[in-house]
Structure formats: C-alpha cells, structure tokens
Amino acid sequence: MSGERGYDPILLAEAVRRMVARGSERRYYRFRGGRWYGGIATADCVGCNLRCVFCWGWRVRDRPSGAGRFYSPEEVYERLASIAGRRGYRLVRISGNEPTIAWDHLLRVIELLEADGRFRFVLETNGILIGADKSKARDLSKFSSVHVRVSLKGASEEEFHLLTGARREFYRLQLEALRNLLDEGVPAHPAVMLSFSEPRAVDELKARLAEIDRSLVEEFEEEYVFLYPHVVEQLRRAGLQPRVAFEPDNIPEELV
Ligand code: SF4
C-alpha cells in the first residue's frame, strides 16, 4: 500500500514543463558566478518535478509561472559564457531547479557551449527523467564536455518518499539514471542527501551502486541539509530530524 502514496514525478515533470518551457525557451530566474567547484558560472532555472523538504529553490519551484522570464538557449549560453569568461572559470552549469524538464532547450544550451570549446558543463539533476528514458543518456553521450551529477534524495526508497513526497518506487529511476549514463559512456557520479540516513542504509546504497559500477562508490559525494528557517519549518511539519546538518551561518554565500 505504501508504494501507492505520493505523486508521480514523471507526470509532474510534464505539467511543470508546460509552465516553464515555451518553444525552445525556458524560464530562468538568476545568472551568477560562485565558488562551488573552485569557480563556476550558474544559470538558475525555474521548475522541478520533485518537492524535497530541504529544497533551497522552493520559492520559484512552487510558483513557476511567476518566477523569472523566458530565455532562449542562445541567451543562456551568452550569459554563462560571459560570466565564466570574465571570471576565468572553466565550469558552467544550470542549477536552481531541475534542468532536464526542458530537454530540447537543455541540449541546445550544451551544444552552444560545446561549440564554444572553452567550458565544461556540469549537469546537476535528480536523474528521474534520465532514468526513465535511456535515449536521454544517449543524447548526452554526443558531447565531450558534459559531466552529470545525479543528486540522490536519500539512501533508500523509504527515505526518498519521506524527503520528496514522491512515490517510493521512483527512487529506482535515480539509480537507473547512473546506469544509463555509464552505459552510454557519459561521465557521472552520485551526490547523496545523507542528513537523514542510518549508516546501515548508506552501506546498502553503496552496495547497490557497486552493482552498477565500482566508480560510483569511489566518487560517492555526501550532501547535507542547510538549516534555513523555511527548511526547519518544513522538517518540523514532516516530523523529520536530520542526523547531520549545516547551520545557516555556514551556508556558502552563493546559495543565499
Ligand atoms: S530536486 Fe532539487 S530543485 Fe527539485 S525539489 Fe529537490 S532540491 Fe529542490
């Protein structure tokens, strides 16, 4: 029965896409430089197909029609290249909400960056749509400048449901995304929200990742929640207590 509780993030992706994509354009709410990864230019997009309790982009996520404005792939490329060029960054990314919802738009942005030749593109994604459709991993395999960071929401189906409110069986698609990407030769690694995980659950997840590929355990990145006031309130309502978390004083300035 518990497998039926929650929403379907693939259906939600389609509903959100209709609000944040228009032809080849997509909504963005911010372009910025920042110190992550030693310096990276970031385009913050609008719209996500999950509803994580710890989300720092929740304001735009929850009112996608009213946030930011539509940008063409050319405009996004120009903004990213301009920020990265000015600051001497080699890395660029789309972050904020979920980049994969507007797939054709995303591919066009990557194409433009690849043709430029100066940058590496970090695709930060929850992976659900890539796990559900292997052709998306194949699309990415055509590029040599892409690295995918799949952000796993918890260490198990149960944690995924608690943290996102989505149906627990969709957690598997996050792991499938990693499998599909590696099968297609696309560099990828998992970043895992572990604030709520028992050590045993982390060990079990690592065993599941090792079955896909040993490199996923070697490149396993740990993520922990930042205790923004709205996150504390959401966690309280959900009855969730993080085992490990960062205080707002320690939040990197580019996330504020
Ligand atoms: S996947 Fe990322 S953007 Fe979407 S709700 Fe979760 S934390 Fe927020």
request  = On a 0 to 90° scale, report how tilted helix 73-87 is relative to the longest principal axis of the chain, with both axes built from alpha carbons and the result rounded to the nearest 10.
outcome  = 90 degrees
message = Taking amide H atoms as placed 1.01 Å from N in the peptide plane, list the residues 5 or more away in sequence, or in a different chain, whose amide H sits under 5 Å from that of Ala188.
response = Val148
remark   = Sequence order, region 116-132: Karplus ³J(HN,Hα) from phi using 6.51 cos²θ - 1.76 cosθ + 1.60, θ = phi - 60°, Hz rounded, Gly and Pro as x, gives 4, x, 8, 10, 10, 9, 9, 8, 9, 8, 7, x, 4, 6, 6, x, 7
query = Which ³J(HN,Hα) values, rounded to whole Hz and listed in residue order, are derived for region 141-149 from phi using the Karplus coefficients 6.51, -1.76 and 1.60 in 6.51 cos²θ - 1.76 cosθ + 1.60 with θ = phi - 60°, glycine and proline given as x?
reply = 5, 6, 9, 9, 10, 10, 10, 10, 10
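Sorted by accessible area with a 1.4 angstrom probe, largest first, how do Leu181, Leu129 fall?
Details: Leu181 0, Leu129 25 Å².
Accessible-area ranking of Leu181, Leu129, largest first: Leu129, Leu181.
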query = In region 143-226, what trypsin sites (Lys or Arg not before Pro) fall in a loop by DSSP, with at most 15 other Cβ atoms inside 10 Å?
reply = Arg214
remark   = Probe 1.4 Å, heavy atoms of protein chains only: per residue, the accessible area of the chain in Å² is 45 Å²
query = What residue among Pro229, Pro64, Pro73 has the largest mean-square fluctuation in a Gaussian network model of the chain, using Cα springs under 10 Å?
reply = Pro229
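Over the chain, what relative contact order in percent results from Cα pairs under 8 Å that are six or more residues apart? Don't jump to the answer; show the numbers that get you there.
Details: 492 pairs, mean separation 45.9, N = 256.
Rounded, it is 18 percent for the chain.
Return the FRET efficiency for the residue pair Ile10, His230: r is the Cβ-Cβ distance, R0 is 30 Å, and the value is rounded to the nearest 0.05. Could you put the intermediate results ahead of the total?
Working: r = 27 Å, r/R0 = 0.89.
Given R0 = 30 Å and the Cβ-Cβ separation, E is 0.65.
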ask   = Within the accessible area of region 15-103, what % is carbon and sulfur when the probe is 1.4 Å and the other protein chains stay in place?
value = 48 percent
remark   = Taking a straight Cα-to-Cα line shorter than 22 Å from Lys134, and setting aside same-chain lysines fewer than 8 residues away, one finds Lys142, Lys153
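The values are calculated or read from the model by the stated rules, or taken from the named source; none is laboratory data. None of these values were measured; they are calculated from a predicted model. For neighbour counting, all protein chains shown are included, and Cβ atoms are generated from backbone atoms with ideal geometry for every residue, glycine included. Heads up: the accessible areas ignore ligands, DNA and RNA and are worked out on the full protein's heavy atoms, side chains in. Shrake-Rupley method; radii C 1.70, N 1.55, O 1.52, S 1.80 Å.
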